[in-house]
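Notes to accompany the following structure.
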Amino acid sequence: MDNLVSTVKELISYDYESDWFEFKENWYEPNQIGEYISSISNVVAMRGLDYGYLIWGVNNKSHKLVGTDFDFHRDVNNEPLEHYLARMLNPDIAFEFKEISINKKRIVVLVIPSAKQIPTSFNGNRYFRIGSSKVNLNKYPERETMLFRVLGKVSALENDENRNQDLTFKKLFAYYGYKGITLNSKNFKKNLNLLTKEGTYNKLAGLLADENQISMRVSIFSGKDKASKLFAVREFGNTCLLTALDKIIEYGDVINIPQADERNRIVERKEVMLFNESAFREAVINAFVHNDWEDNNAPMISVFSDRIEILSRGGIPRGQTIKGFFAGNSVPVNKELAQIFLQLHISERSGRGVPKIVEIYGKKAYEFQENYIVVTIPFSRVGDDERDNNIELVSNKKLGLNSICEAILSIMRDNPNVTHKQLVMEIGVGKTTIYKNINLLKDNKYIERMGSDKKGWWKVLV
């Protein structure tokens, strides 16, 4: 019961409505309650959650606790409400009414389990939630197909056949080679899960092939919104996903113009970067890993005069909550693609990406909608009253290192593939200083270079 109280408190703290919980005050309509059970049960299955909730005693607009007189023991035509609902639902999902008290307010919670194997229907109809609206699922056949795929635990990237079967993978082999990993030409298709059960190339293979039809663009606008003049569009797609990702991250270095900061100058001029390179990199990588690639729509990156917006399609991953998302509990949408990113040390298992962005820019950097997530990276202009958005260096007094060594360690933990040039740009010191401090860290066993100088990566040992 305490867990249910905590759950309700968390839900009312959200400043937006969602599709897997609904608030009511004293409302009662038996058939619509049944439709809500069907719709929420199907939605939580799509999201990979265990339960959804219909909650009485909370104002739907303000999310304030108001208490309720709703009686779930009443009858429907001389039949108990719970029995009536259970009889009309197919299959049985063992929903349950719970009565709790929060701040001396009576709250009733209908706990709705996720659909299993097949969608949950009420009175012969399958329902679904789109935003805060309840709809009949048979009017949305694509969503119904997606729900059946989810319930059958079928991955679209791995199991759907790619439209083009004439694929080559020279760039994929070159990328692995650059990372110091040799792909076996005889079994790489199987090892990287690039084939359907029938032995044809799947959609993941299409993403990693030398050529594809997926456009990956960075659009630059002259003003603060898309109504302003489109200054430039850079195309990085139609090629191996890994190559495109690298090019977009490198283009971030082009956009990230250093600014001279003369404030409080004593001897040496300080350079302030336009935005935090580490946060940008993490946001782009997360967008690629968690993007819904089913319809071949890539993440969308828009550069405005005051910020960068990175949009990934698909919304919160299945099995994820907002709380877990911000805590760094990684739930990748595309497990096969995530495994490749881990193998190549593009990303890591620690889930530091989102917490790192939140540490620098706060939770307000994220916007969640049903079909997408947007990360906003604001620009830091010299002279602004806002705090500088330069990287916050991790303190490590126990090691007795200087601030530059501490900064290098922090950056390498976030980005094992960081280059000397990127370290110079991020920390704001000369190349010689970076080389000296890296040698100091290597000599004292704080870091180890894995692989060659050009193709390897940094392993942090502390």
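The values are calculated or read from the model by the stated rules, or taken from the named source; none is laboratory data. Note that this is a predicted model, so its numbers are computed, not measured. Heads up, the Cβs are rebuilt from the backbone with ideal geometry, glycines too, and the neighbour counts pull from every protein chain shown.
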**Prompt:** Could you say whether any residue in the range 51-63 is outside any strand (DSSP E or B), farther than 25 Å from residue 364 by Cβ and either of a type outside the set (Phe, Trp, Tyr) or outside the structural domain of residue 326 (by TED's automatic domain parsing) (or both)?
**Reply:** yes
**Asked** Among the residues of the range 23-42, is any within 21 Å of the chain's Cα centre (by Cα) and more than 17 Å from residue 76 (Cβ to Cβ)?
**Response** no
**Item:** Contacts under 7 angstrom Cβ, first residue in the range 338-359 being among the β-branched types (Val, Ile, Thr) and buried (at least 16 other Cβ atoms within 10 Å of the Cβ), partner at pLDDT below 90 and not in a helix (DSSP H, G or I), 6 or more apart
**Value:** 354/328
**Message:** So, in the range 28-51, how many residues would count as being within 15 Å of residue 134 (Cα to Cα) and charged (D, E, K, R)?
**Reply:** 2
**Residues located in the range 327-351, provided they are at pLDDT 85 or above and either farther than 21 Å from residue 246 by Cβ or in a loop (DSSP other than H, G, I, E, B) (or both)** = 344, 345, 346
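Answer with yes or no whether residue 144 is of a type in the set (Asp, Glu), outside any loop (DSSP other than H, G, I, E, B) and either touching a residue at least 40 places away in the same chain (Cβ under 8 Å) or assigned by TED's automatic domain parsing to the domain that holds residue 294 (or both). First the steps, then the outcome.
Working: of a type in the set (Asp, Glu): yes; outside any loop (DSSP other than H, G, I, E, B): yes; either touching a residue at least 40 places away in the same chain (Cβ under 8 Å) or assigned by TED's automatic domain parsing to the domain that holds residue 294 (or both): no.
When the stated conditions are applied, residue 144 does not pass them.
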**Asked** Of the residues that sit in the range 58-100 and are polar (S, T, N, Q) and touching a Gly at 6+ places or on another chain (Cβ under 9 Å), which one is surrounded by the fewest Cβ atoms within 10 Å (Cβ to Cβ)?
**Response** 90
**Request:** Output the residue which, of all residues in the range 21-32 that are in contact (Cβ under 8 Å) with a residue 40 or more places away in the chain and surrounded by 22 or more Cβ atoms within 10 Å (Cβ to Cβ), is farthest from residue 143 (Cα to Cα).
**Result:** 23
**Prompt:** What number of residues within the range 124-141 are aliphatic (A, V, I, L, M) and outside any strand (DSSP E or B)?
**Reply:** 1
**Fill in**
Within the range 255-282, of all residues that are modelled with pLDDT of 70 or more and out of contact with any helix residue (DSSP H, G or I) (no Cβ under 9 Å at 6 or more places or on another chain), the one surrounded by the most Cβ atoms within 10 Å (Cβ to Cβ) is 272
**Asked** Which residues, taken from the range 355-373, are over 22 Å from residue 253 (Cβ atoms) and either touching an Asp or Glu at 6+ places or on another chain (Cβ under 7 Å) or aliphatic (A, V, I, L, M) (or both)?
**Response** 358, 370, 373
**Message:** Can you say whether residue 297 is at pLDDT 80 or above, of a type outside the set (A, V, I, L, M) and not in a helix (DSSP H, G or I), as far as the supplied structure shows?
**Reply:** yes
**Message:** Go through (1) surrounded by fewer than 14 Cβ atoms within 10 Å (Cβ to Cβ); (2) part of a helix (DSSP H, G or I); (3) of a type in the set (D, E, K, R) for residue 15 and report which single condition fails.
**Reply:** (2)
**Message:** Checking the structure you have, find out if any residue of the range 161-172 is more than 30 Å from residue 126 (Cα to Cα), outside any helix (DSSP H, G or I) and among the basic types (Lys, Arg).
**Reply:** yes
